[in-house]
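Notes to accompany the following structure.
The values are calculated or read from the model by the stated rules, or taken from the named source; none is laboratory data. Predicted model, so just to flag it, every value in this text is computed and none were measured. Note that each Cβ is placed from the backbone with ideal geometry, even for glycine, and that neighbours are counted across all protein chains shown. We work out accessible area using only protein heavy atoms, side chains counted, and drop any ligands, DNA or RNA first. Shrake-Rupley method; radii C 1.70, N 1.55, O 1.52, S 1.80 Å.
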Amino acid sequence: VAMLTGPGSPEQILFAARTLKHKVLIRSLYKVIFDYAQLDEGMAVGLRDTLWPLLTNTGSGLSGPVQSQVCLALAGLAVQMNAALWPNPLADALSQVGQCPQAMLQFLAMLPEQLDNPALPLGSAFY
């Protein structure tokens, strides 16, 4: 996350955003790897709370592709996090990035896509 806010070339920042997204959700050709499952509850909440400001901080200079990767990571977290930890992702999105319509719309567009993502470990209890 520090690479997203620190100095770096656009390529380095995009690489950091993509790596972060892949740590939240990734599917390899032969098996599913769940890095999210390695996070304890406090770390997952902390990661979520760290990512929201990246979308609204215009001084961070996030490019469109980087913002997309951060939105994908947040949407993946929203789908995977226990409802007790994140009871209402939509209300949080509105309160966190509501003043930034582009980020809000991008998050809202990616959330249903992540519900259909076969790489996410959603059991039948989720549906």
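Here are a few things to note about the model shown:
- On inspection, residue 42 fails the criterion of being modelled with pLDDT under 80 and either assigned to a helix (DSSP H, G or I) or surrounded by 13 or more Cβ atoms within 10 Å (Cβ to Cβ) (or both).
- The stretch 107-118 residues that are in contact (Cβ under 8 Å) with a residue 12 or more places away in the chain, paired with ones that are surrounded by fewer than 16 Cβ atoms within 10 Å (Cβ to Cβ) (beta carbon under 7 Å, 6 or more apart): 118/27
- Residues in the stretch 70-90 that are open to solvent by less than 50 Å² (accessible area, probe 1.4 Å), in a helix (DSSP H, G or I) and within 18 Å of residue 53 (Cα to Cα): 70, 71, 72, 73, 74, 75, 76, 77, 78, 89.
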